[in-house]
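As structure tokens, the structure follows; a few thoughts come after it.
The values are calculated or read from the model by the stated rules, or taken from the named source; none is laboratory data. Everything numeric in this text was worked out from a predicted model, so none of it was measured. Positions of Cβ are generated from backbone atoms using ideal geometry, with glycine treated the same way; all protein chains shown enter the neighbour counts.
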Amino acid sequence: MFKKLKSMLSLVLATAFVFALSTSAFSAASKTLAKGNWDPNTRDQIQQMIDRNGNSNKFKTYDVNKKPYAVFDWDQTCIFNDTEEALFRYMIDNVKFKATPSEFAQALKQQIPDVKKNFGKDFNNKAGQPTNLALFSEDLNKDYKFIYDNYIKSQKMSLADLQKTNQFLDWRAKFATLYEAVGDTFDAATSYPWVLYFFVGMTPAEVAAVSEESNDAAFKAPIGKFTWTSPDALPGKAGVISYSFKSGLRIEKEMSDLMAVLRANGIDVYVCSASHEEVVKVFAGLSKYGYNVPPENVIGMKTKLKDGKFLAEYDYSNGYPQTQGKGKTTAITNILVKKYGYGPLFIASDSSGDRDMAIDFPDTQLTLMINRLYANAYGKLGLVAYKAYQQKITPRFVLQGRDENQGQFRPSMKTIKMGQKEEALFHKDIDPTIKK
């Protein structure tokens with residue numbers, strides 16, 4: 001009886017924790033953005049766009065039969081950090097996999113064009129030797145067979161005991177590192193869907209359940225970097241591997257408020273993400289998180305289903321694209337432009353994977369850019385945003401800064417990078433002379 005009460009109390013406390021996160025978001029009833037930690041100019045420009053196009057504009061031009069709509073990227077835009085990456089590491093650490101050893105081995109190499117292509121020097125082993133997917137796979141397949149036989153299939157061992165074994169520690173460090181290495185070595189069309197293939201053998205309901213578990217655990221985790229290192233006692237073919245990762249997720253209350261204000265003004269809200277669609281539906285849709293995006297309004301990556309379970313294969317049926325880069329433009333065109341007859345009014349973005357959808361639609365009046373201090377072509381759009389601010393003209397792009405040490409917006413266009421104290425407006429390679 002005591003154990004049951006203790007379990008119920010833990011559940012109540014966990015629920016209360018997440019409820020506190022969602023209710024810290026601003027009131028959904030208002031038609032005006034809360035001040036929050038918005039950069040004042042960025043908030044004003046978004047509000048002016050809403051006022052011009054929403055259902056209470058003074059010009060009475062709003063047509064309920066031609067509703068404007070907004071499209072949001074998800075990871076690092078609506079939330080702090082990446083829900084798919086957090087989920088992947090949560091699944092590794094807690095062994096939340098259903099794949100058989102043969103399915104796991106297939107997923108490791110799925111659509112990788114060259115398994116012997118050496119990874120960059122950041123992925124050299126402890127001895128300084130280069131590594132590649134073929135080497136990692138040999139070690140990971142042996143480790144996973146041990147894990148499958150002793151825990152996933154039979155539970156001969158408890159999770160706590162399994163986590164003490166060299167096989168688990170080797171698998172955890174190398175599997176997590178491999179995600180980074182694949183992303184760093186191969187193009188986005190190869191690396192983005194790769195991580196999704198490890199849902200093989202799971203049902204959509206099981207993916208949704210573990211996604212919620214992962215989110216709630218990551219809210220409690222500190223923001224920062226952590227390191228997993230494989231044991232010296234089990235070097236395997238790849239050698240001893242050590243790599244650091246960012247931890248923690250946070251709700252960005254300004255973004256959930258923005259979604260609510262858009263809806264209150266008669267502007268539909270959609271999400272277009274490069275994470276798995278089923279994963280994003282959980283975070284974007286569950287009321288306890290505060291975003292309240294209906295599942296049918298989430299567009300994301302898809303993998304095939306067979307007999308109700310996911311396969312390690314991307315789902316391109318009916319011409320569905322990978323929803324990253326140019327694929328986001330394709331998805332919005334095929335789904336939303338087809339539905340509405342015109343492009344999105346507003347785009348929210350954070351990275352080069354969003355650049356195409358940010359610039360491809362002539363109907364888009366404004367794009368919000370979360371300032372991550374990139375030096376690439378996407379980062380240079382921030383320069384356009386800042387020049388519009390300087391010249392006091394209606395902008396096409398607006399910048400919003402964050403404090404990455406806290407995982408929250410700050411009332412400035414400038415960002416403080418994780419592990420640093422100084423704020424910056426641009427990457428030094430874009431324009432080091434501009435200061436706000």
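Name every residue in segment 242-269 that is polar (S, T, N, Q) and not in a loop (DSSP other than H, G, I, E, B), in order of residue number. Within segment 242-269, Ser242, Ser244, Ser247, Ser256 qualify. I'd like to know if segment 117-139 contains one or more residues that are buried (at least 17 other Cβ atoms within 10 Å of the Cβ), farther than 30 Å from Gly341 by Cα and charged (D, E, K, R). Yes, there is a match, as at least one residue in segment 117-139 is buried (at least 17 other Cβ atoms within 10 Å of the Cβ), farther than 30 Å from Gly341 by Cα and charged (D, E, K, R). One residue stands out in segment 240-259 among those that are farther than 18 Å from Val293 by Cβ and of a type in the set (Val, Ile, Thr): the one that is nearest to the chain's Cα centre (by Cα), namely Ile241. Just one of the listed residues (Ala238, Ala274, Ala209) is over 26 Å from Ile347 (Cβ atoms) and either touching an Asp or Glu at 6+ places or on another chain (Cβ under 9 Å) or modelled with pLDDT under 95 (or both), namely Ala238.
Looking at Ile370, is it at pLDDT below 95 and either touching a helix residue (DSSP H, G or I) at 6+ places or on another chain (Cβ under 8 Å) or in the same structural domain as Leu262 (by TED's automatic domain parsing) (or both)? When the stated conditions are applied, Ile370 does not pass them.
Here's the yes/no breakdown for (1) under 15 Å from Ile370 (Cα atoms); (2) among the hydrophobic types (A, V, I, L, M, F, W, C):
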{"position": "Leu381", "(1), (2)": "yes, yes"}
{"position": "Lys392", "(1), (2)": "no, no"}
{"position": "Arg402", "(1), (2)": "yes, no"}
{"position": "Pro411", "(1), (2)": "yes, no"}
{"position": "Lys414", "(1), (2)": "yes, no"}
{"position": "Gln420", "(1), (2)": "no, no"}
{"position": "Leu425", "(1), (2)": "yes, yes"}
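Taking each residue of segment 38-50 that is closer than 15 Å to Ala388 by Cα and looking for partners that are assigned to a helix (DSSP H, G or I) with beta-carbon atoms closer than 6 Å, six or more apart or interchain, yields Asn41/Tyr389. Just one of the listed residues (Thr329, Thr303) is within 29 Å of Thr100 (Cα to Cα), buried (at least 19 other Cβ atoms within 10 Å of the Cβ) and not charged (D, E, K, R), and it is Thr303.
Just a yes or no: is a residue in segment 262-274 acidic (Asp, Glu), crowded, with 17+ Cβ neighbours inside 10 Å and within 30 Å of Trp171 (Cα to Cα)? For segment 262-274, residues acidic (Asp, Glu), crowded, with 17+ Cβ neighbours inside 10 Å and within 30 Å of Trp171 (Cα to Cα): absent.
Looking only at residues of segment 219-235 that are within 29 Å of Lys253 (Cα to Cα) and among the charged types (D, E, K, R), we find that the one that is modelled with the highest pLDDT is Lys220.
Of the candidates Lys117, Lys67, Lys98, the single residue that is in contact with a Leu (Cβ under 9 Å, 6 or more places away or on another chain) and touching a residue at least 12 places away in the same chain (Cβ under 8 Å) is Lys117.
Going through (1) within 23 Å of the chain's Cα centre (by Cα); (2) within 28 Å of Gly343 (Cα to Cα) one by one, Tyr386 falls short only on (1). Of the residues Glu180, Glu206, the single one that is in a helix (DSSP H, G or I) and under 26 Å from Asp307 (Cα atoms) is Glu206.
Scan segment 212-230 and give yes if some residue there is part of a loop (DSSP other than H, G, I, E, B), among the β-branched types (Val, Ile, Thr) and surrounded by fewer than 20 Cβ atoms within 10 Å (Cβ to Cβ), otherwise no. Scanning segment 212-230 turns up at least one residue that is part of a loop (DSSP other than H, G, I, E, B), among the β-branched types (Val, Ile, Thr) and surrounded by fewer than 20 Cβ atoms within 10 Å (Cβ to Cβ). Taking (1) in a loop (DSSP other than H, G, I, E, B); (2) without any contact (Cβ under 8 Å) to a residue 12 or more places away in the chain in turn, Asp161 satisfies each apart from (1).
Please go through segment 190-203 and give me each residue that is crowded, with 19+ Cβ neighbours inside 10 Å and part of a helix (DSSP H, G or I), ordered by number. Listed by number, the residues that qualify are Ser191, Tyr192, Pro193, Trp194, Val195, Leu196, Tyr197, Phe198, Phe199. In the set (1) hydrophobic (A, V, I, L, M, F, W, C); (2) more than 24 Å from Gly236 (Cβ to Cβ); (3) not in a loop (DSSP other than H, G, I, E, B), Ala134 fails one condition alone, (2).
Looking at segment 220-245 only, could you name the residues that are among the hydroxyl-bearing types (Ser, Thr, Tyr) and in contact with a helix residue (DSSP H, G or I) (Cβ under 8 Å, 6 or more places away or on another chain)?
Taking segment 220-245 first, the residues among the hydroxyl-bearing types (Ser, Thr, Tyr) are 227, 229-230, 242-244.
Of everything in segment 220-245, those that are among the hydroxyl-bearing types (Ser, Thr, Tyr) and in contact with a helix residue (DSSP H, G or I) (Cβ under 8 Å, 6 or more places away or on another chain) turn out to be Thr229, Ser230, Ser242, Tyr243.
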